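Down below is the structure, laid out as structure tokens.
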Amino acid sequence: MKEIFYGMLQRLKIRAPIILGLLGSIVGLLYSYAVMSYDGDGCQCDWSNIQTFFGWPLIIGSVVGLAACVLYPVARKSSGIFILSGAILASPLTLLLVLGSWQNLGSLIFFSVLFFSPSYFASLLLFLGGLLALQKTRRIIKSLHDGGWIP
């Protein structure tokens with residue numbers, strides 16, 4: 001029984017980057033569809049700029065992450081790097097950088113938490129999938145586990 005459970009954990013460990021990457025890509029694509037399909041009627045916030053600096057990077061990052069998940073069985077290291085780059089693109093960092101002033105960020109924190117949370121979640125899933133695809137990260141996690149730092 002112990003051998004069966006251990007074998008299932010090994011298979012899950014191998015498939016974890018694909019699962020996390022696919023979930024992150026799907027969440028990112030669904031949320032980008034919601035952002036891009038809204039036309040901004042009644043919004044005084046220049047919705048076309050939000051779509052340009054938030055929607056398009058989210059679409060591109062999700063597609064890069066999805067393509068990297070397809071590439072994962074063939075080339076693990078390079079697909080891990082692509083999943084990480086998809087996570088960076090899917091994050092709302094570009095919109096926050098375009099705002100220009102970090103003083104405006106304090107007033108946007110409430111808006112950011114509500115509006116950007118699916119994007120943060122998609123980016124987090126892609127980021128975790130990309131990290132788990134790299135062998136060095138797995139070794140670091142194993143050494144932290146063996147040292148008693150993480151359960």
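Read-outs: derived from the displayed coordinates by stated rules, not from any lab. Given the structure is predicted, the values throughout are model-derived calculations rather than measurements. Cβ coordinates were reconstructed from backbone atoms using ideal geometry, including for glycine residues, and neighbour counts include every protein chain displayed.
Please identify, among LEU96, LEU114, LEU126, the residue showing maximal mean-square fluctuation in a Gaussian network model of the chain using a 10 angstrom Cα cutoff.
Judging by the Gaussian network model, the answer is LEU114.
Which aspartates and glutamates have a Cα lying under 19 Å from the Cα of LYS142, excluding residues fewer than 8 positions away in the same chain?
List returned: none.
Please rank MET36, MET8, fewest neighbouring Cβ atoms within 10 Å first, as an exposure proxy.
Working: MET36 14, MET8 10.
Ascending Cβ contact count within 10 Å gives the list MET8, MET36.
Can you sort TYR31, TYR6, TYR120 by how many other beta carbons sit within 10 Å, fewest first?
On the way: TYR31 22, TYR6 10, TYR120 14.
With the fewest neighbours first, TYR31, TYR6, TYR120 line up as TYR6, TYR120, TYR31.
Give me SER123, SER62, SER117 ranked fewest to most by other Cβ atoms within 10 Å of their Cβ, as a rough exposure proxy.
Numbers: SER123 26, SER62 29, SER117 12.
In order of increasing Cβ crowding within 10 Å: SER117, SER123, SER62.
Calculate the dipole size of the stretch 17-146 relative to its Cα centre from +1 charges on Lys and Arg beta carbons and -1 charges on Asp and Glu beta carbons; express the result in debye to the nearest 20. Before the final figure, lay out the partial values.
Values: 6 positive and 4 negative charges, 174 e Å.
Rounded to the nearest 20 debye, it is 840 debye.
With θ set to phi - 60° and the Karplus curve 6.51 cos²θ - 1.76 cosθ + 1.60, what are the ³J(HN,Hα) couplings of the stretch 121-138 in order, to the nearest whole Hz, using x for Gly and Pro?
For the stretch 121-138, the Karplus curve yields 5, 4, 5, 5, 5, 5, 5, 5, x, x, 5, 6, 6, 8, 5, 5, 5, 4 Hz.
Can you give me the convex hull volume of the Cα atoms of the chain, divided per residue and expressed in Å³?
Values: hull volume 22.1 nm³, N = 151.
Output value, Cα hull per residue: 147 Å³.
What is the distance, in nm, between label points placed 7 Å from the Cα along the Cα-to-Cβ direction at VAL74 and at LEU9?
3.3
Against the longest principal axis of the chain, how steep is helix 2-37, in degrees 0 to 90 to the nearest 10, with axes from Cα atoms?
10
Picking from SER117, GLY24, SER48, whose Cα lies most toward the positive end of the charge dipole for the stretch 17-146 (charges on Cβ: Lys, Arg +1; Asp, Glu -1)?
Of SER117, GLY24, SER48, it is GLY24.
When the Karplus curve 6.51 cos²θ - 1.76 cosθ + 1.60 is applied with θ = phi - 60°, which whole-Hz ³J(HN,Hα) does each residue of the stretch 84-94 get, with x for Gly and Pro?
Along the stretch 84-94, the couplings run 5, 5, x, 5, 5, 5, 6, 6, x, 4, 5 Hz.
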